[in-house]
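Right, one structure below, let's go through it.
The values are calculated or read from the model by the stated rules, or taken from the named source; none is laboratory data. In this text the structure is predicted, and so the values were computed from the model without any measurement. Neighbour counts are summed over all protein chains in view; Cβ atoms, including those assigned to glycine, are modelled from backbone coordinates with ideal geometry. Heads up: the accessible areas ignore ligands, DNA and RNA and are worked out on the full protein's heavy atoms, side chains in. Shrake-Rupley method; radii C 1.70, N 1.55, O 1.52, S 1.80 Å.
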Amino acid sequence: MESKNHKSLEFLLNHPKTDHVTHDVNTETIERRSFLPKKIKLFSSKFTNIKDCPEYKFKHDTEASKALPDIINNSVQKIVSGHKKSESEKQNFLKSRNIGVVFSGGPAPGGHNVIAGIYDEAKKYNSDSRVFGFLFGPDGLLESKYIEITQSLVDAYRNIGGFTMIKTGRTKIDSENKIQLALKTCIDLELDALVVIGGDDSNTNAAFLAQKFKSSNIKVIGVPKTIDGDIQVRTDSGEILCAISFGFHTAARAFSQNISNLTTDASSDIKYWHICKVMGRVASHLTLECAFQTHANLVLIGEELADYTDYERIEKAEKQGKIDYTAYGITLRHLSRMICNIIVKRAASGKNFGVMIIPEGVLEFINEIQVFIIKLNTIIADYNNKHDKDFHYTFVTLNDKLEYLRRLARGMTDKDRFPIWNSRDDDLFNQLPSFFRKGLLVERDTHGNFQFSQVQTEIIIMDMVKEYLDILKEQGRYKVGIENSYYKSVMENANLQPDQFAKAIFKNPNDKFLIVKESIISLKTLKQALINTDLISSVDETPDCIVDIYKKSDPDFKTQTHFYGYDGRGSDPTHFDCNYAYNLGMTAFHLIANGATGQMAAIKNLEKKFDKWEPIGIPIAKMMHLEERKGKLELVIEKSIVDLNSNAFRVFKSLREEWLAAQSNQDRYRRPGPVRFSGNAEEDRPITLVLNSI
Ligand code: FBP
């Protein structure tokens, strides 16, 4: 029946309140757009200069000298005040410029602010300067697809996440033909400079473009972008030049808010272990930051697992006068057992729930899996080199791929076989669950990287954990601890002697948390224990309250798995990333305006307070080393992984027992709250950076 107050749809749709609450642009967006990031003081100077700093030294690769002869001798360049500029230098600085920008690789919060920083500075020094954005990543550069970036476009995206303004892509500019196409686009647009906003592989691309564009006098500057946080630059003497890429802080904070919410839910409902896989293709930086942000109970750091040594095994072998070569580096089996022990320990203190963080790239650090990845990479690269067709195009289904591998291992003739894939490899590989084999055979990305985000690592690990926990349960070693005071009150309410029964049931009757004896693994064995100690006779029933206590001690291991990656990548940036990315954009402009090329814009002292931040250019060519990609050695920027000697890791290591709360202590969960761009509650930089700056 229609209510008396029923309004017509037309009235509703035209109502200003409807318009206000359903509008695409809400208050948060309006506030974000109008927020002014902080500006490094130097950028308020009338002019700037760049100062070469040869005192910052790097050991560079000889291959890089050969491939990048025109930029290999670049020094670190500091942006300094330009008050000493000559008149002609001033005129040159102020000239009108065309600058192209391109996003490359996965989105990272803050990208739009890099563009805003470039745009604002370009227009500030000459309003005739123009900024062009290439569409869909490097493809836009190759196909000459671009838009001119206007004031209204920049204003619509200030402090807003994603790379939506011009989109992104993962195309690699890896052939002379592609370089020439990119060069032609830049020449046709009369570009003075191109800014490549990307990760390690994209900055590698930027260096090659800088080399090739040099004779056309088009500058190329890179900007360190990636949520993974694996672009970190130090000099040979260990001085930090770039502490982290932009986007890292926001992604970590976005993941942490979700993880923190799970710690709240888990400790309220006390029935689930939440297994959170967190992005980061290889390095565990994001996971480490999430650990500090949330104090989750169990956090795996891939880099630490690779460093694992099984001393028990070594000792055992030594006693037999042997060396156990398998004692170095963790196996999946060992890892799952380690996780089980931790779950069992927490359960013993009454907490059969918790939150665990697994880094997306953990498999990279597990020797047995890494060997498979390398072998499969080589096989796929070999196939692609020999044939005109791509491996994944020829072998579409998992069965096709497995059949090809089988032929390599068991081929009739030497020609059919492949030396690195023998029947043992094939057998071991086929013992893995099919979804895992499928993941390991997934197509590599354009840069030849293994796509860890496509593998359900958390499921693989947790399946093994569940299997082993079942065994521990059958052996009576996995029990939920019962709080002694609770036990006593239940027994006293039932008029039973707690102490007498405790001795029969528990292995530690005087402790705060009581653990049911290992021999009691069913109601039948429970009853038997009571009969054996003359507490009941064989015709009696086990008292109800004891049955209840037993049931409470009998664990049910229930998990919920979560993957945090794309959501955090798309988050609006934190205050730190708003400021950082904006200043990176301005740094890129000042490098260009002072004639730099082949440099990556960076902020030195980022790990310190804002007033210590210094804009610099880092020579990309000097950051390169040779790495195996698609079966070939290629020059790329070295990814930085978690340093086990860093302050952050050492602090994490000493606090994690507390966070595990496996004794009778309380959980120590931390609530980082939502991603914010302003407000007193907002932290000024990532926790790992603060620790590393001590
Ligand atoms: P970038 O290195 O390009 O910044 O991308 C990082 C990342 O988000 C990784 O954390 C993740 O493994 C990968 O991209 C996912 O790739 P895709 O977007 O192709 O699924």
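Given the criterion within 25 Å of Val675 (Cβ to Cβ) and either outside the structural domain of Ala601 (by TED's automatic domain parsing) or open to solvent by 10 Å² or more (accessible area, probe 1.4 Å) (or both), identify the matching residue among Lys172, Lys124, Lys167, Lys184.
Values: Lys172 fails: within 25 Å of Val675 (Cβ to Cβ); Lys124 fails: within 25 Å of Val675 (Cβ to Cβ); Lys184 fails: within 25 Å of Val675 (Cβ to Cβ).
Checking each option against the conditions leaves just Lys167.
Which one is nearest to the ligand (Cβ to nearest atom), of the residues in the stretch 455-464 that are under 23 Å from the mean Cα position of the chain (by Cα) and part of a helix (DSSP H, G or I)?
Only one residue fits best here, namely Thr457.
Could you tell me how many of the residues in the stretch 290-341 are of a type in the set (S, T, N, Q) and closer than 22 Å to Met279 by Cα? Steps first, please.
Step one: list which residues in the stretch 290-341 are of a type in the set (S, T, N, Q), which gives 293-294, 297, 309, 320, 326, 331, 336, 341.
This time we only want the ones that are closer than 22 Å to Met279 by Cα, so: 293-294, 297, 331, 336.
Matching residues across the stretch 290-341 total 5.
For Gly117, are the conditions met, namely being open to solvent by less than 40 Å² (accessible area, probe 1.4 Å), over 28 Å from the mean Cα position of the chain (by Cα) and among the small types (Gly, Ala, Ser)? Spell out the reasoning first.
Working: open to solvent by less than 40 Å² (accessible area, probe 1.4 Å): yes; over 28 Å from the mean Cα position of the chain (by Cα): no; among the small types (Gly, Ala, Ser): yes.
The answer is no for Gly117.
If you go through the stretch 115-146 one residue at a time, how many are of a type in the set (Gly, Ala, Ser) and within 16 Å of the ligand (Cβ to nearest atom)?
So the count comes out to 1.
How many of the residues in the stretch 399-432 are under 24 Å from Thr331 (Cα atoms) and touching an Asp or Glu at 6+ places or on another chain (Cβ under 7 Å)?
Number satisfying all stated conditions: 2.
If you go through the stretch 309-337 one residue at a time, how many are open to solvent by less than 60 Å² (accessible area, probe 1.4 Å) and in a loop (DSSP other than H, G, I, E, B)?
5
Conditions first: (1) touching a residue at least 40 places away in the same chain (Cβ under 8 Å); (2) over 16 Å from Ile343 (Cα atoms); (3) crowded, with 17+ Cβ neighbours inside 10 Å. Gly476 passes all but one, so which condition is the exception?
The one condition Gly476 does not meet is (2).
Can you name every one of the helices (runs of 4 or more DSSP H) wholly within the stretch 350-454 that holds 1 or more residues which are touching a residue at least 60 places away in the same chain (Cβ under 8 Å) and within 16 Å of the ligand (Cβ to nearest atom)? I'd like the intermediate steps shown before the answer.
On the way: elements: 367-386, 391-394, 398-410, 423-430, 434-440.
Per the criteria, 367-386, 434-440.
Give the stretch 221-259 a look and list any residue that's among the small types (Gly, Ala, Ser), out of contact with any His (no Cβ under 9 Å at 6 or more places or on another chain) and either farther than 30 Å from Glu55 by Cβ or within 14 Å of the ligand (Cβ to nearest atom) (or both), or say none. Full working, then the answer.
Of the residues in the stretch 221-259, the ones among the small types (Gly, Ala, Ser) are 222, 229, 237-238, 243, 245, 247, 251-252, 254, 256.
Remaining after also requiring out of contact with any His (no Cβ under 9 Å at 6 or more places or on another chain): 222, 237-238, 243, 245, 247, 251, 254, 256.
Of everything in the stretch 221-259, those that are among the small types (Gly, Ala, Ser), out of contact with any His (no Cβ under 9 Å at 6 or more places or on another chain) and either farther than 30 Å from Glu55 by Cβ or within 14 Å of the ligand (Cβ to nearest atom) (or both) turn out to be Gly222, Ser245, Gly247, Ala251, Ala254, Ser256.
Within the stretch 588-694, which strands (runs of 3 or more DSSP E) (wholly inside it) include 2 or more residues that are in contact with a Leu (Cβ under 6 Å, 6 or more places away or on another chain) and open to solvent by less than 50 Å² (accessible area, probe 1.4 Å)?
599-604, 614-619
Restricting attention to the stretch 566-587, which residues are charged (D, E, K, R) and either within 16 Å of the ligand (Cβ to nearest atom) or not in a loop (DSSP other than H, G, I, E, B) (or both)?
Correct list: Asp567, Arg569, Asp577.
Okay, residues lined up against (1) in contact (Cβ under 8 Å) with a residue 12 or more places away in the chain; (2) open to solvent by 50 Å² or more (accessible area, probe 1.4 Å):
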{"residue": "Pro509", "(1), (2)": "no, no"}
{"residue": "Ile520", "(1), (2)": "yes, no"}
{"residue": "Pro555", "(1), (2)": "yes, no"}
{"residue": "Lys558", "(1), (2)": "yes, yes"}
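So His112 passes all but one of these: (1) within 16 Å of the ligand (Cβ to nearest atom); (2) in a loop (DSSP other than H, G, I, E, B). Which condition number does it fail?
Only one criterion in (1) within 16 Å of the ligand (Cβ to nearest atom); (2) in a loop (DSSP other than H, G, I, E, B) is unmet by His112, namely (2).
Restricting to the stretch 275-308, and then to whatever is within 16 Å of the ligand (Cβ to nearest atom) and of a type in the set (Val, Ile, Thr), can you tell me which residue is most open to solvent (accessible area, probe 1.4 Å)?
By that ranking, first place goes to Val282.
Report yes if some residue within the stretch 27-39 is buried (at least 19 other Cβ atoms within 10 Å of the Cβ), over 30 Å from Asp567 (Cβ atoms), modelled with pLDDT of 95 or more and touching a helix residue (DSSP H, G or I) at 6+ places or on another chain (Cβ under 6 Å); otherwise report no.
Taking every residue of the stretch 27-39 in turn, none turns out to be buried (at least 19 other Cβ atoms within 10 Å of the Cβ), over 30 Å from Asp567 (Cβ atoms), modelled with pLDDT of 95 or more and touching a helix residue (DSSP H, G or I) at 6+ places or on another chain (Cβ under 6 Å).
Here is a check on your reading of the model: is Met600 in contact with a Gly (Cβ under 8 Å, 6 or more places away or on another chain) and touching a residue at least 24 places away in the same chain (Cβ under 8 Å)?
Judged against the criteria, Met600 is a match.
Can you give me the number of residues within the stretch 75-95 that are within 33 Å of the chain's Cα centre (by Cα) and open to solvent by less than 30 Å² (accessible area, probe 1.4 Å)?
So in the stretch 75-95, the residues within 33 Å of the chain's Cα centre (by Cα) come out as 75-79.
Within this subset, residues satisfying the condition of being open to solvent by less than 30 Å² (accessible area, probe 1.4 Å) are 75-77, 79.
Matching residues across the stretch 75-95 total 4.
Pick from the stretch 161-214 the residues that are more than 16 Å from the ligand (Cβ to nearest atom) and basic (Lys, Arg): which of them is nearest to His590 (Cα to Cα)?
It comes out as Lys214.
Might you check whether a residue that is closer than 30 Å to Gly161 by Cβ and away from the ligand (no atom under 16 Å from the Cβ) occurs anywhere in the stretch 53-68? Reasoning before the result, please.
Quick first cut of the stretch 53-68, residues closer than 30 Å to Gly161 by Cβ only: none.
Taking every residue of the stretch 53-68 in turn, none turns out to be closer than 30 Å to Gly161 by Cβ and away from the ligand (no atom under 16 Å from the Cβ).
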